[in-house]
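Below are the structure tokens for one structure; questions will follow.
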Amino acid sequence: MEMQKTEIEGCFIITPKVFEDERGYFFESYNQKKLEELLGVRPNFVQDNESLSTKGVLRGLHYQQGEHAQAKLVRVIEGEVLDVAVDIRPDSKTFGKVVSTILSSDNRKQMFIPRGCAHGFLTLSETARFAYKCDNFYNVASESGIIYNDPTLNIDWMLPEEELIISAKDKELPSFKMTVPN
């Protein structure tokens with residue numbers, strides 16, 4: 001397992017060691033001991049989630065507030081997505097930084113997103129099955145988000161705006177400046 005630092009403090013791209021032969025492939029998608037060694041902290045994942053999306057579906061940018069904040073370990077089981085994290089921790093050295101990377105069933109990369117970051121993804125393939133582990137339970141009263149096309153963040157979603165499929169709820173999310181205290 002290799003880990004690459006990103007521009008966001010505590011956010012990492014993880015590439016597993018894959019063993020392939022004529023029968024197919026094998027890799028560890030999660031190993032608590034190895035992840036703890038790489039991160040220097042021990043996430044206690046308590047919830048696994050999975051979604052299926054079609055091309056152009058943009059989910060995010062979402063996060064949980066306060067005591068219900070969540071760290072996530074995300075990956076793509078089938079297909080390809082553009083995965084995006086935004087540091088919204090006002091006291092962080094990397095506050096306001098955006099990290100994006102391609103996660104796919106071909107590259108098998110994962111992203112570890114620490115608590116205090118907003119997260120979203122855009123499906124680039126015809127369909128994508130997206131899975132993530134969370135270190136805190138979902139709490140509807142603590143959910144929040146940032147509008148996907150926020151001018152301060154200026155995220156390149158890699159598809160034209162007219163091709164994006166966004167929920168009504170996500171279209172109403174506030175801007176970065178309105179969401180995060182300065």
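Can you work out which of the residues in segment 65-95 that are crowded, with 20+ Cβ neighbours inside 10 Å and of a type in the set (Gly, Ala, Ser) is nearest to the chain's Cα centre (by Cα)?
Result: Ala85.
Results for (1) out of contact with any Asp or Glu (no Cβ under 8 Å at 6 or more places or on another chain); (2) of a type in the set (S, T, N, Q); (3) within 25 Å of Lys171 (Cα to Cα), shown as yes or no for each residue.
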| position | (1), (2), (3) |
| --- | --- |
| Lys34 | no, no, no |
| Gly40 | yes, no, no |
| Arg75 | yes, no, yes |
| Asp87 | no, no, yes |
| Phe95 | no, no, yes |
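Check Leu35, Leu58 and return the single one that is surrounded by 13 or more Cβ atoms within 10 Å (Cβ to Cβ) and at pLDDT below 90.
Of the residues listed, the single one that is surrounded by 13 or more Cβ atoms within 10 Å (Cβ to Cβ) and at pLDDT below 90 is Leu35.
I would also like to ask the following. Going by what's in this entry, would Ala128 be described as buried (at least 20 other Cβ atoms within 10 Å of the Cβ), closer than 22 Å to Tyr25 by Cβ, of a type in the set (A, V, I, L, M, F, W, C) and touching a residue at least 60 places away in the same chain (Cβ under 8 Å)?
It is true that Ala128 is buried (at least 20 other Cβ atoms within 10 Å of the Cβ), closer than 22 Å to Tyr25 by Cβ, of a type in the set (A, V, I, L, M, F, W, C) and touching a residue at least 60 places away in the same chain (Cβ under 8 Å).
Looking at (1) out of contact with any strand residue (DSSP E or B) (no Cβ under 6 Å at 6 or more places or on another chain); (2) at negative phi, which one does Gly10 not meet, given that it meets all the others?
(2)
Within the group Ile113, Ile88, which residue is closer than 19 Å to Ile146 by Cα and either in contact with a Gly (Cβ under 7 Å, 6 or more places away or on another chain) or aromatic (Phe, Trp, Tyr) (or both)?
Just one listed residue meets the conditions, Ile88.
Residues that are farther than 24 Å from Leu124 by Cα, touching a helix residue (DSSP H, G or I) at 6+ places or on another chain (Cβ under 9 Å) and of a type outside the set (A, V, I, L, M): does segment 49-65 have at least one?
yes
Consider Ser142 against the criteria (1) modelled with pLDDT under 95; (2) out of contact with any strand residue (DSSP E or B) (no Cβ under 8 Å at 6 or more places or on another chain): it satisfies all of them except one. Which criterion is unmet?
Against the list (1) modelled with pLDDT under 95; (2) out of contact with any strand residue (DSSP E or B) (no Cβ under 8 Å at 6 or more places or on another chain), Ser142 comes up short only on (2).
Here's a follow-up. Taking Ile155, is it in contact with a strand residue (DSSP E or B) (Cβ under 8 Å, 6 or more places away or on another chain) and either closer than 18 Å to Gln65 by Cα or surrounded by fewer than 16 Cβ atoms within 10 Å (Cβ to Cβ) (or both)?
It is false that Ile155 is in contact with a strand residue (DSSP E or B) (Cβ under 8 Å, 6 or more places away or on another chain) and either closer than 18 Å to Gln65 by Cα or surrounded by fewer than 16 Cβ atoms within 10 Å (Cβ to Cβ) (or both).
The values are calculated or read from the model by the stated rules, or taken from the named source; none is laboratory data. Just so it is clear, the structure is predicted and the values come from calculations on it, not from any experiment. Cβ: placed from backbone, ideal geometry, glycine included. Neighbour counts: every protein chain shown.
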